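Before any comments, here is the structure.
Values quoted throughout were computed directly from the atomic coordinates according to the rules given, and no laboratory measurement underlies them. From a predicted model like this one, the values you see are computed outputs, not experimental measurements. Quick reminder, even Gly has a Cβ in these numbers, built from the backbone with ideal geometry, and neighbours come from all protein chains shown.
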Amino acid sequence: MLSNSTIKATLNKSNLRVFVSLIILIFLFQFTFNLSKAAVNSQEQVISSNHHLLRPLHKENEVIEVISNETVNVGDTFSVKVKKIENVHGVPKIFFDADKIPVFVLSNNWYRSLIPLSADSKPGKHILEIYYKGHAKKIDLNVMATKYPLQELTLTKEVAALKASRTEKALVAKTLAVLSNTKLWSGKFIFPSTSPQSTTYGVKRRVNGIINPDYFHKGLDFAAPYGSSIKASEDGKVILVGLEPKGFVVNGNCIFLDHGHGVITGYLHLSKVLVKEDEIVKKGQIIGKVGSTGIASGPHLHWGLYVLGKTVDPISWTNMIIE
Ligand SMILES: [Zn+2]
């Protein structure tokens, strides 16, 4: 016969067995759950590095809400807005033709990327891909060709032979790579000069009879008289003041303004610079005077607009508000 204490011990033993089995079950469940979670995570990581090789993780593409231009031309800036998915942390990843594009917070509800379609971009089909917390969206984009004119230009041998110094190249490259989270512009950009426009963006040039196939005019020129005023196109921060005596042999005396989100304007060939680096300037503020420093056939203002370090046609930024 079993004594009371033996019964208790047996019961305790069976309780223990049930308890241990439960622990094992919980452990197994957790292990399997974590495994599947890890599988999703690693798939996501693979997607971000080899995104062009894989199909989207989920089919519900409509989860990602995108607003972008309907048509886009070579020379334009292509804007892509992605709506925030509520209760989801993490920023969408945007790729244009397999290149990862920086994404900025535009407002409480929207993320946004700007993609430059420089004069040397290929017309035709381009691919935009958006990955956002396990969701994916692919958009085919048709880029229309833009016809740019050819211009004859005669420069003295000395001017034509000028090449950017190492300092100039390095400082300009560093400046154009700036990506600031704070967006300073709010409206249409204004022309920095009231003088007539001479050479437009994208123009091909025959310099002293020779065409360089890789060359296109990277900004908009104003036939402005020597010493006339140059205005800031929009609110911005002075991120570079280059001076001819300090090695700026191509751009001459120049000013670069950072407007945020990878948008920068440049003002070249100045006779006078009226601002300092790190200074915050207001739209319309006079920042310098027209000159003919650097490679210039005479007094004029060259105005460039850069997006993610590449030039686009600045006129499109004066025609409409790029939010
Ligand atoms: Zn120019």
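What the table below lists for this structure:
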read-out	value
Given (1) over 22 Å from V263 (Cβ atoms); (2) more than 24 Å from the chain's Cα centre (by Cα); (3) of a type in the set (S, T, Y), index of the condition Y215 fails	(2)
Test: residue in the range 235-244 that is closer than 18 Å to P299 by Cα and surrounded by fewer than 23 Cβ atoms within 10 Å (Cβ to Cβ)	yes
Pairs where the first residue, in the range 261-286, is without any contact (Cβ under 8 Å) to a residue 24 or more places away in the chain and under 16 Å from L243 (Cβ atoms) and the second is outside any loop (DSSP other than H, G, I, E, B) and within 16 Å of the ligand (Cβ to nearest atom), C-beta under 8 Å, 6+ apart	L274/G288
Spans of strands (runs of 3 or more DSSP E) in the range 62-109 with at least 2 residues free of Cβ contacts under 8 Å to residues at least 12 places away in the same chain and within 19 Å of the chain's Cα centre (by Cα)	99-101
Number of the exception - S193 against (1) touching a residue at least 60 places away in the same chain (Cβ under 8 Å); (2) within 14 Å of the ligand (Cβ to nearest atom); (3) under 24 Å from the mean Cα position of the chain (by Cα)	(3)
The one condition in (1) outside any loop (DSSP other than H, G, I, E, B); (2) in contact with an Asp or Glu (Cβ under 6 Å, 6 or more places away or on another chain); (3) away from the ligand (no atom under 16 Å from the Cβ) that V178 fails to fulfil	(1)
